[in-house]
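What follows is a set of notes on a single structure, which appears directly below.
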Amino acid sequence: MTLRTLIIDDEPIALEKLRTYVSKVPFLELAAACSGSVMAMEFLAANEVDLIFTDINMPDLSGIDFIKSLHSAPMVIFTTAYDNYAVDSYKLSAVDYLLKPFGFDDFRQAAAKALALHSLKSRQPASESKGETSLFIKTDYRYVRVATDNILYVKGYGEYLQIYLADNPSPLVTLSSFAAIREKLPAHFLQVHRSYIVNMQLIDRVERARIVFEPDTYIPIGDSYKNEFADYLTRFSIGRPGK
């Protein structure tokens, strides 16, 4: 999943910093870099974006007023050297508020929040917004109704999926793909490996880059999925690792 991103700042050095940071985040695609709100408005008149990083204090039109002027604003992350705009930014449902000078790690975490929000919204029409809490799984010559919250994890092999349930030691086997089942699963199901999708609400613990389902099931976290997995844990965990 890629987020088309618009960056706005009237300071050339700050704009170049944003451009560099965007290039370092795999799921961000730079749509345009604008030196002011008016230039950005002209771009948006003919183009669509998923995410905007914008400064607040700018000549002609402030970042706050710019976002207010948009009929249907995309996700926005404000960047500013002043902390007294935080309340105004959150009134506009900003994804985040980055206080200058911010580093790449703060930028990446803010972008990850936007990705998670975008992912949640894109999955809702297929499942949660329709109230679909179960799936029909075609296995052999029959369809079996399965509650999505009863699914522990999904394992893929070849053209088939094995669907493991919390109340049955034997998986259901169906001819399908990860893409097909992911569209129908709620947002708390994450693909963590090229061969696994897991129900994050039912895992027992995470240790040594592995997900553990009791009593003795260990699922690896693939390198390509570590960032998204770590971002999910950050959003839904408390405490700091011991020294």
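Can you tell me which of (1) surrounded by fewer than 16 Cβ atoms within 10 Å (Cβ to Cβ); (2) modelled with pLDDT under 90; (3) not aromatic (Phe, Trp, Tyr) is the one residue 62 doesn't meet?
(1)
Taking the condition of being within 24 Å of residue 26 (Cα to Cα) and either touching a Cys at 6+ places or on another chain (Cβ under 9 Å) or basic (Lys, Arg) (or both), how many residues in the range 188-243 meet it?
Qualifying residue count for the region: 4.
Check whether at least one residue in the range 184-200 is over 26 Å from residue 238 (Cβ atoms), open to solvent by 50 Å² or more (accessible area, probe 1.4 Å) and not β-branched (Val, Ile, Thr), and report yes or no.
For the range 184-200, residues over 26 Å from residue 238 (Cβ atoms), open to solvent by 50 Å² or more (accessible area, probe 1.4 Å) and not β-branched (Val, Ile, Thr): present.
When the range 81-109 is examined, which residues are found to be at pLDDT below 70 and surrounded by 14 or more Cβ atoms within 10 Å (Cβ to Cβ)?
Selection gives 85, 86, 88, 89.
So, in the range 164-198, exactly how many residues are touching a Ser or Thr at 6+ places or on another chain (Cβ under 8 Å) and of a type in the set (S, T, N, Q)?
Adding up the residues that qualify gives 1.
Taking residue 20, is it modelled with pLDDT of 90 or more, over 18 Å from the mean Cα position of the chain (by Cα) and surrounded by 13 or more Cβ atoms within 10 Å (Cβ to Cβ)?
On the way: modelled with pLDDT of 90 or more: yes; over 18 Å from the mean Cα position of the chain (by Cα): yes; surrounded by 13 or more Cβ atoms within 10 Å (Cβ to Cβ): no.
Taking the combined requirement at face value, the residue does not satisfy it.
Of the residues 6, 44, which single one is under 18 Å from residue 72 (Cα atoms), in contact (Cβ under 8 Å) with a residue 12 or more places away in the chain, open to solvent by 20 Å² or more (accessible area, probe 1.4 Å) and in contact with a strand residue (DSSP E or B) (Cβ under 9 Å, 6 or more places away or on another chain)?
Values: 6 fails: open to solvent by 20 Å² or more (accessible area, probe 1.4 Å).
Only one candidate passes the filter, namely 44.
Criterion first (open to solvent by less than 20 Å² (accessible area, probe 1.4 Å), of a type outside the set (S, T, N, Q), in contact with a Leu (Cβ under 7 Å, 6 or more places away or on another chain) and modelled with pLDDT of 90 or more) does residue 212 satisfy it?
Values: open to solvent by less than 20 Å² (accessible area, probe 1.4 Å): yes; of a type outside the set (S, T, N, Q): yes; in contact with a Leu (Cβ under 7 Å, 6 or more places away or on another chain): no; modelled with pLDDT of 90 or more: yes.
So residue 212 fails the test.
Kindly list, by first and then second residue, each pair from a residue in the range 193-211 that is under 19 Å from residue 165 (Cβ atoms) to a residue that is basic (Lys, Arg), limited to pairs with Cβ atoms under 7 Å and residues at least 6 apart or on different chains.
Going by the 7 Å Cβ cut-off, the qualifying pairs are 195/155; 196/155; 197/182.
The values are calculated or read from the model by the stated rules, or taken from the named source; none is laboratory data. All of these numbers come straight from a predicted model, not from anything done at the bench. Using ideal geometry, Cβ is built from the backbone for each residue, glycine included, and neighbour counts are taken over all protein chains shown. Areas reflect the complete protein model, heavy atoms only, side chains present, ligands, DNA and RNA absent. Shrake-Rupley method; radii C 1.70, N 1.55, O 1.52, S 1.80 Å.
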